[in-house]
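Single-structure report; data block below.
The values are calculated or read from the model by the stated rules, or taken from the named source; none is laboratory data. Because the structure is a prediction, the values reported are computed rather than measured. In this analysis, Cβ positions are derived from the backbone assuming ideal geometry, glycine residues included, and neighbour counts consider all displayed protein chains.
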Amino acid sequence: MSTMTRRTVLRAMAAAPAMYLGIPKFAHAAEFNFKYANNLPITHPLNVRSQEAVDRIKRESNGRLDITIFPNNQLGGDTDMLSQVRNGGIELFTPSALVIATVVPVAAINAVGFAFANYDQVWQAMDGPLGAHVREAIGRANLYAFEKMWDNGFRQTTTSNRPVTSAADLDGTKIRVPVSPLSISMFKALSASPASLQFSEVYSALQTRIVDAQENPLPIIQAAKLYEVQKFCSLTNHIWDGYWFIANGRAFKRLPPDLQRLWETAFNEAGMKQRDDLKTMNQSIQADLESKGLKFNTTRPDSFQTALRKAGFYTEWKTKFGDQAWGLLEAVSGKLA
């Protein structure tokens, strides 16, 4: 009978290390290796909850589906990442509705000015028929949209010269807006003077008074330290924007049904937790910004709606989005056009 030498044992361990080191079987190469990219810091609730979902997917698939997260624009800007997820360079991406609208125009419908009065209306629309309508349109672009949108928050208006309480206060105001036809159209209809600037230019533009105002969700106002160059924050809630969790259509179809169900469940449930995270985060951010000297005030949303209606803004965008999508929006928002 042969004797088991030390050399024999070492050879056996090298051939099958997992057997001896207690490494779970899914430590071997995954059946599917996917990349997920986004534009947010790793500490943002979107990435915290995404990592939880990715870990869950790997665990419950026994390592068959392994997803690596690339946060903070590591794989390029929004336009680059949208192009990559369309051509399969990456498998997953979370663009804001305004970003994906460059490919699927109806996706911007949630950003119609002053359409949603509160989060109850937002989720009634985007978890309901309007969201389903947009997902169907995204599908026609050979992308797969998960059912639940993730929250990016309502956008607020900051100014250096005076608070904004009604539409009249925006008359003539030089305000920075993103490169978005919908945003430019809305502020022009409110008699403001919108200027499209890259976000990297916003702080210096406010500091040098090239513009007097800007608009963004509270977390971005905090992160960019805009309170240093602005005095007032008016809670206009003029646009709600969220993130669509999307996948390359071919990558989705390559997955067997059990893995399709798993990542659908994991990402949707994580998205619901992220919504709660952002709600709590916004409350704490307002208190922090107030402590740094930014003065908050409420506004009269009816005055903005009246001004937009009078300027023909809603009629124009109803034509652009189409009667079906607009009807689904108004079923929640009430009559706009």
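Would you confirm, using the coordinates I've provided, whether residue 267 is assigned to a helix (DSSP H, G or I), in contact with a Phe, Trp or Tyr (Cβ under 6 Å, 6 or more places away or on another chain), within 27 Å of residue 232 (Cβ to Cβ) and modelled with pLDDT of 95 or more? Judged against the criteria, residue 267 is not a match. Restricting the range 226-264 to residues that are assigned to a loop (DSSP other than H, G, I, E, B) and closer than 20 Å to residue 40 by Cα, which is farthest from the chain's Cα centre (by Cα)? Filtering the range 226-264 for residues that are assigned to a loop (DSSP other than H, G, I, E, B) and closer than 20 Å to residue 40 by Cα, the one farthest from the chain's Cα centre (by Cα) comes out as 245.
Here the range 289-337 is the region considered, the condition is being among the hydrophobic types (A, V, I, L, M, F, W, C) and part of a loop (DSSP other than H, G, I, E, B), and the residue that is nearest to residue 227 (Cα to Cα) is 294. Would you be able to tell me the number of residues in the range 270-288 that are basic (Lys, Arg) and modelled with pLDDT under 95? So the count comes out to 1.
This table checks each residue for (1) in contact (Cβ under 8 Å) with a residue 12 or more places away in the chain; (2) surrounded by fewer than 22 Cβ atoms within 10 Å (Cβ to Cβ); (3) in a helix (DSSP H, G or I); (4) within 15 Å of the chain's Cα centre (by Cα).
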residue	(1), (2), (3), (4)
72	yes, yes, no, yes
85	yes, no, yes, no
99	yes, no, yes, yes
103	yes, yes, no, no
124	yes, yes, yes, no
141	yes, yes, no, no
151	yes, no, no, yes
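Anything in the range 85-104 that is among the polar types (S, T, N, Q), at pLDDT below 95 and in contact with a Phe, Trp or Tyr (Cβ under 9 Å, 6 or more places away or on another chain)? List them, or say none. Within the range 85-104, 96 is the sole residue that qualifies.
Taken together, 204, 196, 185 contain a single residue that is among the hydroxyl-bearing types (Ser, Thr, Tyr), in contact with a Phe, Trp or Tyr (Cβ under 7 Å, 6 or more places away or on another chain) and at negative phi, which is 185.
Hey, could you check the range 258-280 for residues that are crowded, with 17+ Cβ neighbours inside 10 Å and hydrophobic (A, V, I, L, M, F, W, C) and say which is farthest from residue 61 (Cα to Cα)? Within the range 258-280, the match that is farthest from residue 61 (Cα to Cα) is 278.
In the range 188-205, the qualifying residues are those that are touching a helix residue (DSSP H, G or I) at 6+ places or on another chain (Cβ under 7 Å) and over 18 Å from residue 285 (Cβ atoms), and the one that is surrounded by the fewest Cβ atoms within 10 Å (Cβ to Cβ) is 196. Set side by side, the residues 221, 184 differ, and just one is under 20 Å from residue 102 (Cα atoms), touching a strand residue (DSSP E or B) at 6+ places or on another chain (Cβ under 8 Å), of a type in the set (A, V, I, L, M, F, W, C) and not in a loop (DSSP other than H, G, I, E, B), which is 184. Between 49, 59, the distinction of being in a helix (DSSP H, G or I), more than 24 Å from residue 257 (Cβ to Cβ) and either basic (Lys, Arg) or in contact with a Ser or Thr (Cβ under 7 Å, 6 or more places away or on another chain) (or both) belongs to 49 only. Got at least one residue in the range 152-161 being modelled with pLDDT of 95 or more and more than 22 Å from residue 282 (Cα to Cα)? For the range 152-161, residues modelled with pLDDT of 95 or more and more than 22 Å from residue 282 (Cα to Cα): absent.
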